[in-house]
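The next block holds one structure in the form of structure tokens; read it before the comments.
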Amino acid sequence: MARFVIKGSLAGAAVYVAYDQGLLGSGTQAAEALKKAQAALPPAIQEWTSYIGWELPSTPKFDFSPSDSWNKGVQTVMSALSVAPTRACEYTVEGWKY
């Protein structure tokens, strides 16, 4: 029972932090939260590793926009759905010919 309560509390805290930081909002809010995390994480990791005494390799730099990727995916799916009836007719005609 105690493990369930602890796991539930951690899950609830994770959802609250995600909501508080704007990750569950619009794409623009999520992109801003990602930029804040990208700016804050490397110094925090560097401080933590220096405290522990570990040495990590430098982090790679990514030029990634979640909103652009999301929009590209939505456009691809909508494009496929818009031509689906035409393609289905074409494939049916080809099947009958075969």
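Laboratory data are not the source of any read-out in this text; all were calculated from the coordinates shown. From a predicted model like this one, the values you see are computed outputs, not experimental measurements. Quick reminder, even Gly has a Cβ in these numbers, built from the backbone with ideal geometry, and neighbours come from all protein chains shown.
Numbers for the structure displayed
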{"item": "GluC sites (Glu not before Pro) within region 25-98, DSSP loop, no more than 15 other Cβ atoms inside 10 Å", "result": "GLU55"}
{"item": "Lys pairs, region 21-98 - Cα-Cα below 26 angstrom, 8 or more residues apart or on other chains", "result": "5"}
{"item": "Segment VAL5-VAL74, length gained on full extension (0.36 nm per residue, minus Cα span)", "result": "21.0 nm"}
{"item": "Test item: Cα-centred dipole of the chain, Lys/Arg +1 and Asp/Glu -1 on Cβ, debye", "result": "240"}
{"item": "Dipole axis of the chain (+1 Lys, Arg; -1 Asp, Glu on Cβ), positive-most option in ALA18, CYS89, GLY73", "result": "CYS89"}
{"item": "Options (i) 92; (ii) 252; (iii) 136 - which one matches volume of the Cα convex hull per residue in Å³ as calculated here", "result": "(ii)"}
{"item": "Percent RCO, i.e. relative contact order, over region 1-95, from Cα pairs under 8 Å lying at least 6 residues apart", "result": "19"}
{"item": "For region 83-97, 3J(HN,Hα) per residue [Karplus equation, 6.51 cos²θ - 1.76 cosθ + 1.60, θ = phi - 60°, Hz, x = Gly/Pro]", "result": "9, 4, x, 5, 5, 4, 5, 4, 5, 5, 4, 4, x, 5, 5"}
